[in-house]
Amino acid sequence: MIASDVTYIDAIREAQADLLREDERVFLYGQDIGKFGGAFKATKGLQEAYPDRVIDSPISEDAMVGMAIGAAIEGMRPIVEMQFADFSSVAFNQLVNHAGTHYYRTGVPIPITVRMPSGGTPGSGPFHSQSMEAIYAHYPGLVVVTPATVSDAYSMLKQSVELDDPVIFCEHKFLYRWLKSDSLEGDDLPIGKARIARHGKHATVVAYSAMVHEAVRAADILKEEGGWDVEVVDLRSVKPLDTDTVIASVARTGRLLALGEAFPWGGVTAEVISRVCTEAFHLLDAPPQRLNARDTPVPYHPNLWAAHRPTPESICASLRHLLTY
Amino acid sequence: MNGVWQGEAKINAEIPLLISQRLIKHCSVLPSPTLTDADLQTKDQLRTIYRAMLGGRLMEAKLSSLYKAGKIVGGVYLGTGQEAVSASLGCSLTMGRDVYSPLIRDQAGRTGFGEPFLDCARTYLGSAAGPMRGRDGNIHRGNPAEGYLAMISHLGTSVSAVAGVLLARRIKGELEGCVGATCIGDGGTSTGAFHEGLNLAAVEKLPLVVIIADNQFAYSTPSDRQFACRDLSARAEGYGVKGHEVDGTSLEDCARVIGGAVEAAREGGGPQLVVAKLLRLSGHGEHDDGSYVPQELRQSLLARDCVELGAEQLIAAGHATREEITQWSSELRDAVQEAVAIATQEAAPDARTEDWFALSTPSMREGDYES
Ligand SMILES: Cc1ncc(C[n+]2csc(CCOP(=O)(O)OP(=O)(O)O)c2C)c(N)n1
Ligand SMILES: [Mg+2]
């Protein structure tokens with residue numbers, strides 16, 4: 001058996017340690033990220049090693065991002081840690097109206113990376129569970145990435161910081177300690193390329209972030225249950241969205257389920273279906289399906305939480321419907 | 001001298017000439033020219049600031065007439081009455097070394113900072129050759145690579161951005177001798193962004209100067225619907241920054257207090273908050289007649305026209321003669337005309353050749369999802 005001892009959060013910490021070591025333009029800014037090491041320990045020990053470049057911020061999400069924008073104009077590569085993605089709503093204006101418009105308006109790009117601890121965990125409730133990717137992807141001028149694996153968390157964070165444009169880095173809190181790997185190294189796919197996380201021929205599930213793992217579980221169940229081979233596409237980044245890989249998969253399977261953990265109105269799943277329908281309607285053998293969280297705030301109690309977001313069971317139900325259409 | 005409300009006064013462009021003629025009476029005897037080095041420095045400073053004030057006034061007068069002639073798409077926002085404050089800041093900063101994020105009423109400061117009239121004319125007239133290439137307009141312009149930030153509309157957002165440039169310089173070891181500065185109105189101080197930004201700068205003890213032009217109104221909303229503190233300068237202590245108050249109608253006071261605040265920041269004194277008291281001598285924008293401004297205010301000392309008063313101050317102190325001021329006016333008016341003439345001739349942006357890219361990295365661009 002291979003030792004599985006690198007977690008998703010380790011990957012994020014290691015990527016930041018590498019970036020700080022390799023690139024003097026990189027600095028970290030966020031609440032409690034210094035000596036304390038961050039609410040999730042993503043910056044543990046980093047201030048000790050780089051006292052001038054790991055900086056505790058006041059609880060000022062708007063100013064944190066505004067500051068990062070100014071620093072980026074000055075040639076730095078700031079990484080801003082939101083304590084939770086939910087609080088980025090306070091920085092929304094700086095992100096979409098300042099960072100997102102800057103290159104188009106002035107020709108000067110804004111290379112900031114904003115780390116957003118995203119998605120639900122049981123007991124976290126309405127304000128520590130949100131998935132904000134669709135909100136940011138809606139606006140021009142932002143790249144939005146959603147790594148689902150340990151090696152992607154590592155390589156995509158490094159790639160994000162190397163990009164000259166603003167990146168919203170959605171890291172899933174549920175994966176932080178639960179997801180383990182034997183290595184940080186992976187296939188090093190670039191941002192903008194999706195990956196086939198599980199091969200299949202009967203239906204395609206397009207997912208991203210933690211939902212990739214739920215989709216793979218559902219696919220395993222259906223394999224055992226009825227011999228179905230369900231393909232799972234891991235988008236990896238929702239903007240840019242790798243429409244080609246999605247359509248190539250649908251060409252093989254003829255059936256599409258778009259799966260996400262965010263609220264149901266609009267969003268990434270709607271975008272995926274819209275693109276497949278407009279560009280590859282002829283490839284579909286059944287109406288495409290969507291599965292999202294419910295249209296309520298994310299509930300606190302584990303019983304409610306587990307039923308609010310898609311689960312392997314609800315994914316299986318959607319897939320059965322799709323496969324037998 | 002009071003009540004120079006734009007709607008009542010002669011067209012702005014005429015003001016310097018009118019004033020200078022009127023001043024002959026008052027200033028026929030000039031003080032004897034035995035000046036110390038400090039006096040000479042003050043003289044140079046005031047002359048420089050005054051020229052930027054005049055430049056701002058004349059550029060804006062031109063913008064106003066272009067607007068009224070229907071030549072400008074979108075709004076025109078003037079800084080009439082705020083030139084002393086604005087230019088005192090702009091002239092205290094050096095492009096390339098300092099960081100400046102002006103706001104809506106800072107034509108004079110932009111001119112003082114070294115922005116050519118052509119950049120202004122091109123942005124208002126939508127020339128593709130302008131710094132914003134028709135992608136953004138009017139006051140939303142700058143040259144970020146030179147530390148001249150291009151404001152977004154959302155009030156308060158510049159404070160943290162300027163702080164960020166300064167923090168970056170500190171990390172790089174290049175902060176020594178630099179100052180960052182931005183301006184805001186009384187209304188803009190009510191935003192969360194303003195508070196967050198100033199607090200952040202205070203925590204980091206950055207050399208940031210924030211000028212509040214307290215012009216009594218935010219669009220139509222008077223200050224008593226905006227804040228309840230005695231005076232905005234009282235907030236400085238709460239933030240842990242140095243506070244200053246200044247009569248925003250007086251060139252001499254603005255030059256001293258704002259120049260002093262910039263020097264204090266440059267010398268390691270941390271963030272400086274300057275509150276300038278004045279009255280907006282125009283509508284919020286050229287679409288607005290400002291009829292909600294009460295008569296008492298228009299006749300109060302706050303309504304003194306800083307361009308008029310500044311000329312008197314210069315002449316009374318022997319820093320400039322009436323002839324010089326007239327000469328500056330006519331030179332600046334020519335420069336404004338020339339800039340506008342050039343920008344008017346230039347091509348507008350072409351939607352067919354526009355690249356439509358909001359991201360700089362080619363592989364990150366998605367296009368319009370059209371099939
Ligand atoms: C966050 C935000 N809300 C609303 C506006 C619309 N707006 C533009 S200028 C203005 C009034 C600003 O007043 P003040 O800050 O006092 O500046 P002044 O216009 O008096 O110079 C308003 C409400 C804006 N630009 N930004
Ligand atoms: Mg105001």
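Restricting the calculation to Cα positions, tell me the Rg (one decimal) and the Dmax (whole number) of segment A:32-101 in Å.
Over segment A:32-101's Cα set, Rg and Dmax evaluate to 12.3, 35 Å.
How large is Rg/Rh for segment A:7-181, to two decimals, with Cα atoms and a Kirkwood Rh?
Value, to two decimals: 0.93.
For the residue pair A:E224 and B:D288, what label-to-label distance in nm results when each label sits 7 Å from Cα along the Cα-to-beta-carbon direction?
6.7 nm
Given segment A:252-307, what whole percent of its Cα pairs are spread farther than 19 Å?
38 percent
Ratio of alpha-carbon Rg to the 2.2 N^0.38 Å globular estimate for segment A:86-137, to two decimals, please.
1.36
Could you list the residues of segment B:334-369 with an amide nitrogen less than 18 Å from a label point located 7 Å from the Cα of B:A69 in the Cα-to-C-beta direction?
The answer is B:334-348, whose backbone nitrogens lie closer than 18 Å to the label point.
Only loop residues by DSSP count here, and only those with at most 15 other Cβ atoms within 10 Å; note down the GluC sites (Glu not before Pro) in segment A:1-35 that meet that.
Sparse-neighbourhood loop GluC sites (Glu not before Pro): A:E24.
Roughly what percent of Cα-Cα pairs across segment A:110-175 reach past 21 Å?
24 percent
In a GNM of chain A with a 10 Å cut-off on Cα contacts, which of A:R290, A:R255, A:R177 has the highest mean-square fluctuation?
The residue that fluctuates most here is A:R177.
When the label point is put 7 Å from the Cα of B:S363 along its Cα-to-beta-carbon vector, which residues of segment A:218-240 have a backbone N closer than 17 Å?
Correct set: A:235-240.
Can you give the accessible area of A:F92, probe radius 1.4 Å, in Å² rounded to 10?
About 60 Å², rounded to the nearest 10.
So for the pair B:R47, B:A234, with labels modelled 7 Å out along Cα→Cβ, what separation do we get in nm?
With each label placed 7 Å out from Cα toward Cβ, I get 4.3 nm.
Given N residues in segment B:152-204, what is Rg(Cα) / (2.2 N^0.38 Å)?
With N residues counted in segment B:152-204, Rg over 2.2 N^0.38 Å equals 1.16.
Cα convex hull of segment A:193-245: mean projected area in nm², to one decimal? Please report the intermediate quantities before stating the final value.
Details: hull surface 12.9 nm².
If you wrap the Cα atoms of segment A:193-245 in a convex hull and average its projections, you get 3.2 nm².
Does anyone have the angle between helix A:267-280 and the longest principal axis of chain A? Alpha-carbon axes, 0 to 90°, nearest 10?
That helix lies at roughly 50 degrees to the long axis.
Share of antiparallel DSSP beta bridges in segment A:195-323, in percent to the nearest 5?
For segment A:195-323, the DSSP antiparallel bridge percentage is about 20.
Given N residues in chain A, what is its alpha carbon radius of gyration divided by 2.2 N^0.38 Å? Walk me through the numbers before you get to the answer.
Working: Rg = 19.3 Å, N = 325, 2.2 N^0.38 = 19.8 Å.
Normalised Rg, Cα atoms only: 0.98.
Give the B-A buried accessible area in Å², both sides summed, 1.4 Å probe, nearest 100.
Buried: approximately 3700 Å² between A and B.
Mind checking which lysines have their C-alpha under 29 Å from A:K35, skipping anything on the same chain fewer than 8 residues away?
By straight Cα distance, A:K35 reaches A:K44, A:K158, A:K173, A:K180, B:K172, B:K205.
In nm, give the distance between the simple-model label positions of A:D244 and B:E331, each being 7 Å from the Cα along the Cα-to-Cβ direction.
6.0 nm
Please name which of B:A202, B:S300, B:L279 has its Cα lying farthest along the dipole of segment B:195-345 towards the positive end, using unit charges on Cβ (Lys, Arg +1; Asp, Glu -1) and the Cα centre as origin.
Comparing the listed Cα positions along the dipole, B:A202 ranks first.
Can you return the lysines within cross-link range of B:K62? Criterion is Cα-Cα under 17 Å, with same-chain partners fewer than 8 residues away left out.
Excluding near neighbours in sequence, the set is B:K10, B:K71.
How high is the FRET efficiency from A:K35 to B:K172, r the C-beta distance, R0 22 Å, rounded to 0.05? Walk me through the numbers before you get to the answer.
Details: r = 23 Å, r/R0 = 1.06.
Once rounded, the FRET efficiency stands at 0.40.
What is the calculated FRET efficiency for A:K201 to B:W356, with r their C-beta to C-beta distance and R₀ = 35 Å, to the nearest 0.05?
0.35
Can you list the aspartates and glutamates whose alpha carbon sits under 12 Å from that of A:K41, skipping same-chain ones fewer than 8 residues off?
Filter leaves A:D10, A:E14, A:D32, A:E81.
For segment A:195-323, what does the equivalent ellipsoid look like in terms of its semi-axes, each the square root of 5 times an eigenvalue of the Cα gyration tensor, given largest first in whole Å?
22, 17, 12
Distances over 37 Å make up what percent of all Cα-Cα pairs in chain B?
When all Cα pairs of chain B are counted, 19 percent exceed 37 Å.
Could you give the size of the charge dipole of segment A:7-181 about its Cα centre, using +1 on the Cβ of each K and R and -1 on the Cβ of each D and E, expressed in debye and rounded to the nearest 20?
My answer is approximately 320 debye.
Looking at segment B:97-130, which trypsin sites (Lys or Arg not before Pro) are DSSP coil and have at most 14 other C-beta atoms within 10 Å of their C-beta?
Those satisfying the criteria are B:R97.
Cα convex hull of the protein assembly as shown: how many Å³ per residue?
Here the figure is 162 Å³ per residue.
Provide the FRET efficiency to the nearest 0.05 for the A:A307-B:T221 pair, computing r from the beta carbons and using R0 = 51 Å.
About 0.60, to the nearest 0.05.
Considering only DSSP beta bridges where both residues belong to chain A, give the percentage that are antiparallel (nearest 5).
Numbers: 7 of 38 bridges.
Expressed as a percentage, antiparallel bridges in chain A total about 20.
The values are calculated or read from the model by the stated rules, or taken from the named source; none is laboratory data. Worth saying up front: this structure is predicted, and the values here are computed from it rather than measured. Positions of Cβ are generated from backbone atoms using ideal geometry, with glycine treated the same way; all protein chains shown enter the neighbour counts. These accessible areas exclude ligands, DNA and RNA; they are computed on the full protein's heavy atoms, side chains included. Shrake-Rupley method; radii C 1.70, N 1.55, O 1.52, S 1.80 Å.
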